[in-house]
1. Can you find, within the range 54-68, the residue that is surrounded by the fewest Cβ atoms within 10 Å (Cβ to Cβ) among those that are touching a helix residue (DSSP H, G or I) at 6+ places or on another chain (Cβ under 6 Å) and outside any loop (DSSP other than H, G, I, E, B)?
2. Right, residue 71: surrounded by 12 or more Cβ atoms within 10 Å (Cβ to Cβ) and modelled with pLDDT of 85 or more or not?
3. Quick test of your reading of the structure: residue 64 fulfils all but one of (1) over 16 Å from the mean Cα position of the chain (by Cα); (2) in contact (Cβ under 8 Å) with a residue 12 or more places away in the chain; (3) within 23 Å of residue 90 (Cα to Cα). Name the failing condition by number.
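The values are calculated or read from the model by the stated rules, or taken from the named source; none is laboratory data. This one's a predicted model, so the numbers in the text were calculated from it and none came from an experiment. Neighbour counts are summed over all protein chains in view; Cβ atoms, including those assigned to glycine, are modelled from backbone coordinates with ideal geometry.
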C-alpha cells in the first residue's frame with residue numbers, strides 16, 4: 001500500500017486553459033524561513049499559472065464568465081497569501 005499521502009498539486013482545466021492548483025495538506029512553519037520561502041515559491045507558481053489560464057480564457061468568447069471570475073478570485077487570494085508570507089519573513093524590530 002502506497003502511503004505517500006495526497007498529491008501536492010493537481011491539474012485543472014477550464015475550456016482548454018490548464019493550470020496547476022496546489023493542494024496544501026500541511027501548514028507552514030512560521031519559525032522556519034526556508035519553509036516560508038518554499039511555500040511562497042509554490043504560491044507564485046500557481047499565481048503565474050492562473051494568470052496564463054485567465055489570459056487564454058479572456059480571448060475565448062465562449063468562456064464561462066463564472067469560471068473566469070472564480071479564477072480571478074483565486075488569483076487575488078493567492079496574492080494576499082504571498083504578501084502575508086513575505087511579511088512573515090521580515091523580522092520584527094523593536095521600536
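1. Per the stated criteria, the residue is 68.
2. Values: surrounded by 12 or more Cβ atoms within 10 Å (Cβ to Cβ): yes; modelled with pLDDT of 85 or more: yes.
Criteria met by residue 71.
3. (3)
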